[in-house]
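The values are calculated or read from the model by the stated rules, or taken from the named source; none is laboratory data. Given the structure is predicted, the values throughout are model-derived calculations rather than measurements. Glycine also receives a Cβ, built like all others from the backbone with ideal geometry; neighbour counts cover every protein chain displayed. Side chains are part of the model used for accessible areas, which takes the heavy atoms of the whole protein and leaves out ligands, DNA and RNA. Shrake-Rupley method; radii C 1.70, N 1.55, O 1.52, S 1.80 Å.
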Amino acid sequence: DMEIKGYVFGFDFGLKFIGLAVGQTVTRTAGGLATLKARNGKPNWLEIASIIQDYKPAAIVVGLPLNMDDTESDMSIKARKFAQEIERRSGITVQMMDERLSSWSANEVTRDSIRGGEIHEKSACLILESWFNELD
């Protein structure tokens, strides 16, 4: 597998909000970075470009919200387009991560402890952590 060193971004794509987490390949830990506002899935690309410029991530992971039966959902098609657009604009390789497991665990956590925008960042962290777990 290719060696990725440094920061990695995780995005939890949504139509109104996009969660962003940043992780470290050395420690394999992720933390919430921002909840970005979107209009029908379209973020402020300048804002994303600016954050990418600050961190210069080695890789970017976008959660893929497939249906339970493995088929593409409307959201997963939009998430793929979002991922392709980031890759095109940043020149950084973007990988898709099946987020069904991470979304479920985020929902488990949410009911008690998370309110508002943090859910998106939490989901992005879980997407990134799932990705780190698959690096082995």
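Scanning region 66-77 for residues that are open to solvent by less than 70 Å² (accessible area, probe 1.4 Å) and either among the hydrophobic types (A, V, I, L, M, F, W, C) or at pLDDT 95 or above (or both) turns up Leu66, Met75.
Residue-by-condition table, conditions (1) more than 15 Å from Ala124 (Cβ to Cβ); (2) buried (at least 20 other Cβ atoms within 10 Å of the Cβ):
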{"site": "Ile4", "(1), (2)": "yes, no"}
{"site": "Leu15", "(1), (2)": "yes, no"}
{"site": "Val26", "(1), (2)": "yes, no"}
{"site": "Thr29", "(1), (2)": "no, no"}
{"site": "Ala49", "(1), (2)": "yes, no"}
{"site": "Ala58", "(1), (2)": "yes, no"}
{"site": "Leu64", "(1), (2)": "no, yes"}
{"site": "Arg80", "(1), (2)": "yes, no"}
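If you check Leu20, Leu46 for being assigned to a strand (DSSP E or B), at pLDDT 95 or above and of a type outside the set (Ser, Thr, Tyr), only one passes: Leu20.
For residues in region 44-80 being touching a residue at least 24 places away in the same chain (Cβ under 8 Å) and of a type in the set (Lys, Arg), which is farthest from Leu15 (Cα to Cα)?
The first filter runs over region 44-80 and keeps only residues touching a residue at least 24 places away in the same chain (Cβ under 8 Å), leaving 45, 48-49, 51-52, 55-66, 68, 75, 78-79.
Going one step further and asking which of them are of a type in the set (Lys, Arg), we end up with 56, 78.
Values: Lys56: 25, Lys78: 9 Å.
Looking at residues that are touching a residue at least 24 places away in the same chain (Cβ under 8 Å) and of a type in the set (Lys, Arg), I get Lys56.
Criterion first (open to solvent by 20 Å² or more (accessible area, probe 1.4 Å), at pLDDT below 95 and among the acidic types (Asp, Glu)) does Glu99 satisfy it? For Glu99, the condition - open to solvent by 20 Å² or more (accessible area, probe 1.4 Å), at pLDDT below 95 and among the acidic types (Asp, Glu) - is not met.
Restricting to region 23-40, give me the number of residues that are among the aliphatic types (A, V, I, L, M) and assigned to a loop (DSSP other than H, G, I, E, B).
First, pick out the residues of region 23-40 that are among the aliphatic types (A, V, I, L, M): 26, 30, 33-34, 36, 38.
Checking the rest, the ones that are also assigned to a loop (DSSP other than H, G, I, E, B) come to 26.
Qualifying residue count for the region: 1.
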